[in-house]
């Protein structure tokens with residue numbers, strides 16, 4: 001079972017490497033959104049400090065949603081999804097492998113990219129640390145919730161817009177606690193409560209989402 | 001060993017078949033024939049557990065396949081309309097991944113051997129996207145000769161896009177599998193050249209309900 005999990009992760013990372021442009025585009029999208037906001041609101045230092053964390057979170061959210069199209073659609077179209085479901089493994093193993101691989105190519109690089117970006121927003125050292133921790137804890141929830149939406153809209157016409165409408169409301173708590181953690185640190189308070197809640201959200205999503213995803217994928221495969 | 005009991009399949013508004021039952025024992029082969037839209041693919045997908053029948057159930061070794069998905073899957077090799085291989089991986093990577101996701105380690109030598117049996121020996125390290133349709137089909141059919149202990153083969157139009165020589169090779173594989181007490185269920189539009197023991201099921205399709 002664990003060897004199957006590793007095989008799926010390895011395969012998806014290899015595919016991401018071969019289709020580099022897809023992955024790089026998502027990251028560029030993230031960077032562009034983050035850079036464009038200060039151009040809109042003006043370069044006032046205090047304003048930037050105030051909106052920095054929120055901007056990074058919104059951009060991370062959008063980037064993770066546009067990358068969802070990659071998650072199951074290609075495997076569905078070329079039949080490899082049905083093959084994986086017939087491989088004698090629990091469906092949840094396949095799904096967890098795919099989500100982990102998705103997080104490694106979107107959530108993880110976004111978390112790292114937050115460091116130079118917080119310099120851009122002049123967040124300061126401690127809030128930057130909190131932002132990175134919050135992203136590391138919260139982006140898995142984005143991948144997991146996004147995967148539910150991607151599985152539900154698989155094979156539908158106009159699935160891209162629908163998935164955004166489905167997933168964005170679900171991710172609101174992640175956004176609130178993620179930005180709240182950084183605000184707390186910047187205000188001299190402890191961010192522990194927000195970070196714990198973020199971790200809890202990710203764990204809850206990890207426990208519940210795979211089953212929903214497997215059920216949705218089985219329906220799509222019919 | 002493989003049993004289908006009282007299957008009914010409704011797609012859209014149309015009832016494709018009703019009250020369909022079949023039973024296959026080790027060493028038996030079933031050829032499903034019928035016009036376009038008669039429900040051949042739907043029947044195969046029901047047998048593979050990908051499609052839920054409107055009524056009835058499929059049993060493998062006496063138990064309902066929807067309850068024993070993992071066990072059933074590990075004994076099943078399915079070649080559908082879609083090849084189920086990745087364009088961006090090489091032929092060898094595709095074949096080895098399929099074994100790996102089944103929890104098996106397929107040494108490179110064995111994988112190359114399996115590919116050679118379908119005449120792919122010079123294409124192992126080529127990305128699948130550069131292969132022709134027929135060659136892609138061969139990669140999918142390698143599922144049948146990789147040392148994966150699949151007892152039941154479900155093949156949906158396996159001969160599509162294949163050249164005459166490869167069709168012969170696939171027939172040889174089928175015969176070998178039947179001789180080893182395997183079970184084969186397949187559909188084919190071409191005239192088939194299956195062993196005389198093979199049974200045939202004709203689907204006619206039902207008029208609009």
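Where a number appears in this text, it was derived from the coordinates with a stated rule and is not lab data. Since this is a predicted model, take the numbers as computed values, not measurements. All Cβ positions, glycine included, derive from the backbone under ideal geometry; neighbour counts span all protein chains shown.
For chain B, the fraction of alpha-carbon pairs lying more than 29 Å apart is 25 percent, rounded to a whole number.
In a GNM of chain A with a 10 Å cut-off on Cα contacts, which of A:88, A:159, A:107 has the highest mean-square fluctuation? Most flexible of the set in this elastic network: A:88. Above 20 Å, the calculated P(r) of the stretch A:1-106 contains 50 percent of its Cα-Cα pairs. Here the residues A:103, B:60, ranked from fewest to most Cβ neighbours within 10 Å of their Cβ, fall in the order B:60, A:103. Evaluating kT/(6 pi eta Rh) at 10 °C and 1.306 mPa s, with the Kirkwood radius of the stretch B:139-201 over Cα pairs in the Stokes-Einstein relation, gives 130 µm² s⁻¹.
The smallest convex shape that holds all Cα atoms of the stretch B:86-148, its convex hull, gives 67 Å³ per residue. For chain A, a Gaussian network of Cα nodes joined below 10 Å ranks A:36, A:117, A:176 by mean-square fluctuation, and the top entry is A:36.
Note on the stretch A:117-222: semi-axes of the ellipsoid equivalent to its C-alpha gyration tensor, largest first and rounded to whole Å, are 32, 14, 9.
Mean-square fluctuations from a GNM of chain B, with a 10 angstrom spring cutoff on Cα atoms, peak among B:52, B:68, B:90 at B:68.
Distance from the C-alpha centroid of the stretch A:1-39 to that of the stretch A:152-222: 18 Å, rounded to the whole angstrom. Apply the Debye scattering formula to the stretch B:1-93, with a single equal point scatterer on each alpha-carbon and no solvent, then give log10 I(q)/I(0) at q = 0.16, 0.22 Å⁻¹. Result of the Debye calculation: -0.73, -1.19.
Fraction of C-alpha pairs exceeding 24 angstrom in the stretch A:2-221: 42 percent, rounded to a whole number. At the listed q of 0.08, 0.14 Å⁻¹, the Debye profile of the protein assembly as shown, built from one uniform point per Cα, gives log10 I(q)/I(0) equal to -0.53, -1.20.
Taking Cα atoms only, the orientation of helix B:108-117 departs from the longest principal axis of chain B by about 60 degrees. The Cα trace of the stretch B:1-54 gives Rg and Dmax of 11.3, 37 Å, the first to one decimal, the second as a whole number. Look at B:130, B:171 and count the other Cβ atoms within 10 Å of each Cβ; fewest to most, that gives B:130, B:171. Computed on chain A, with alpha-carbon pairs under 8 angstrom and 6+ residues apart, the relative contact order is 26 percent. Reported to the nearest whole Å, the Cα centre-to-centre distance from the stretch B:27-81 to the stretch A:106-135 is 51.
For the protein assembly as shown, the mean residue ellipticity at 222 nm estimated from helices alone is -19000 deg cm²/dmol, where every DSSP H run of n ≥ 4 contributes -39500 (n - 2.57) and the total is divided by all residues, rounded to the nearest 500.
What the Kirkwood sum gives for the stretch A:56-145 is a hydrodynamic radius of 14.5 Å, with every pair of different alpha carbons counted.
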